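Asker: Quick one: the structure is below, questions incoming.
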Amino acid sequence: MKDLRLDKFLTEMGMGSRSQVKNYISKGRVTVNGEIIKRPEYKLSPEKDIVNLDNERVNYAEYEYYMLNKPAGCVSATEDRRFPTVVSLIEDAARKDLFPVGRLDKDTEGLLLITNDGALSHELLSPKKHVAKTYYARIDGKVTGDDVKAFWEGLDIGEKKITKPAELVILKSDAESEIEVTITEGKYHQIKRMFEKTGKKVIYLKRLSMGSLKLDETLAIGAYRPLTESELQALKEG
Ligand code: URA
């Protein structure tokens with residue numbers, strides 16, 4: 001890790017704006033390895049040096065990765081004037097530059113990865129990588145074998161091309177059906193639009209997995225936890 005300016009380190013770790021942290025530094029409230037440092041441009045090694053603000057350790061995290069069980073009612077964004085954002089739910093975050101990897105609709109629940117790792121996000125969202133995403137849904141209408149076929153063959157949902165093969169598994173076929181569906185794209189409202197095209201309506205949607213990452217079903221709706229090392233490794237190897 002390259003050396004980092006003290007004021008940048010404190011800002012990145014969410015201790016305040018650049019001008020606020022410069023003020024803390026000039027007031028002698030910040031120490032590095034026990035020594036008061038009053039220069040904001042002081043270079044430190046974030047992984048080795050011990051930084052304290054008001055005698056409290058400021059831990060360093062370059063990247064953070066959280067699995068969120070997204071609740072309905074919050075938006076997949078970093079800021080919003082009307083609704084809570086998925087990022088605002090990650091109360092333990094050290095970093096202030098977290099964002100959701102892709103979007104789930106406001107009313108969709110389930111697996112959402114929240115991180116500040118732009119490279120990993122890019123890999124997971126790149127259309128070229130065809131990362132599989134599996135959803136559970138309840139459908140208003142009777143889902144049949146014809147729908148399974150249509151989903152596999154591709155549907156015209158008004159995009160330039162028909163949808164890529166999607167695997168539809170019927171769990172319950174009735175006036176209200178239950179299904180699991182796996183897609184390898186991420187078009188806006190894709191699952192809802194695919195069902196609309198077959199004359200049916202999604203009434204509940206939850207994401208179960210994204211690539212190798214599976215929703216931890218012990219996470220209550222709205223709860224989150226850091227990814228484990230092996231989850232992260234598997235995603236990166238993806
Ligand atoms: N498809 C949708 O229609 N909505 C989502 O949130 C995700 C996939």
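Asker: Hey, which aspartates and glutamates would be in cross-link range of residue 96, C-alpha to C-alpha under 19 Å, not counting anything within fewer than 8 residues on its own chain?
Answerer: 7, 12, 47, 56, 62, 64, 79, 80, 117
Asker: Reachable aspartates and glutamates from residue 164, Cα under 13 Å, same-chain residues fewer than 8 places away excluded?
Answerer: In chain and number order, the partners are 153, 156, 185.
Asker: Using the Cα centre as the reference, give the magnitude of the dipole from point charges on the C-beta atoms of region 195-238 (Lys, Arg: +1; Asp, Glu: -1; all else neutral), rounded to the nearest 20 debye.
Answerer: Taking the Cα centre of region 195-238 as origin, the dipole is about 380 debye.
Asker: Pairs of lysine in region 1-85 with Cα under 22 Å and at least 8 positions apart or on different chains: total?
Answerer: 15
Asker: What is the P(r) of region 1-139, as percent of Cα-Cα pairs per 5 Å bin from 0?
Answerer: 2, 9, 17, 17, 14, 12, 10, 9, 6, 3, 1, 0, 0
Asker: Here's a follow-up. Mind checking the full-extension length gain between residue 78 and residue 169? Use 0.36 nm per residue of separation minus the Cα-Cα distance, one decimal, nm.
Answerer: 29.4 nm
Asker: Would you mind checking region 143-174 for residues with the amide N under 13 Å from a putative spin-label position 7 Å along Cα→C-beta of residue 187?
Answerer: 151-166
Asker: Which residue, 134, 36, 224, has the largest displacement toward the positive end of the dipole of the chain when charges sit on each Cβ (Lys, Arg +1; Asp, Glu -1)?
Answerer: 36
Asker: OK, next. In Å and from the alpha-carbon atoms only, list the Rg and Dmax of region 78-220.
Answerer: Rg and Dmax of region 78-220, Cα atoms, are 16.0, 49 Å.
Asker: Under a GNM of the chain (C-alpha, springs under 10 Å), which listed residue has the highest mean-square fluctuation: 207, 82, 138?
Answerer: Evaluated over the chain, the most mobile residue of the options is 82.
Asker: Only Lys, Arg, Asp and Glu count, each charged at its Cβ (+1, +1, -1, -1), so figure out the dipole size of the chain about its Cα centre, rounded to 20 debye.
Answerer: Using Cβ point charges on Lys, Arg, Asp and Glu, the chain gives about 760 debye.
Asker: Same structure, new question: With just the Cα atoms defining each centre, how far is region 177-221 from region 90-158? Give it in Å.
Answerer: 7
Asker: How big is the equivalent ellipsoid of region 136-188 along its three axes, where each semi-axis is √(5λ) from the Cα gyration tensor, reported in whole Å from largest to smallest?
Answerer: After diagonalising the Cα gyration tensor, the semi-axes are 20, 11, 10 Å.
Asker: Right, here's the next one. Return the single residue from 47, 12, 185 with maximal mean-square fluctuation; model: Gaussian network over the chain, springs between Cα atoms under 10 Å.
Answerer: 47
Asker: Fewest first, what order do 70, 38, 161 take by the number of other Cβ atoms within 10 Å?
Answerer: Neighbour counts put them in this order, fewest first: 161, 38, 70.
Asker: Highest GNM mean-square fluctuation, the chain, Cα pairs closer than 10 Å: which of 184, 218, 78?
Answerer: Among 184, 218, 78, the largest GNM mean-square fluctuation belongs to 218.
Asker: Enter the per residue convex hull volume of region 72-153, computed from alpha-carbon coordinates, in Å³ rounded to the nearest integer.
Answerer: Residue-normalised Cα hull volume stands at 124 Å³.
Only the coordinates and a few stated rules stand behind these numbers; no lab work does. Being a predicted model, the structure only gives us computed values, none of them experimental. Every residue, glycine as well, gets a Cβ built from its backbone with ideal geometry; the counts of neighbours run over all protein chains shown.
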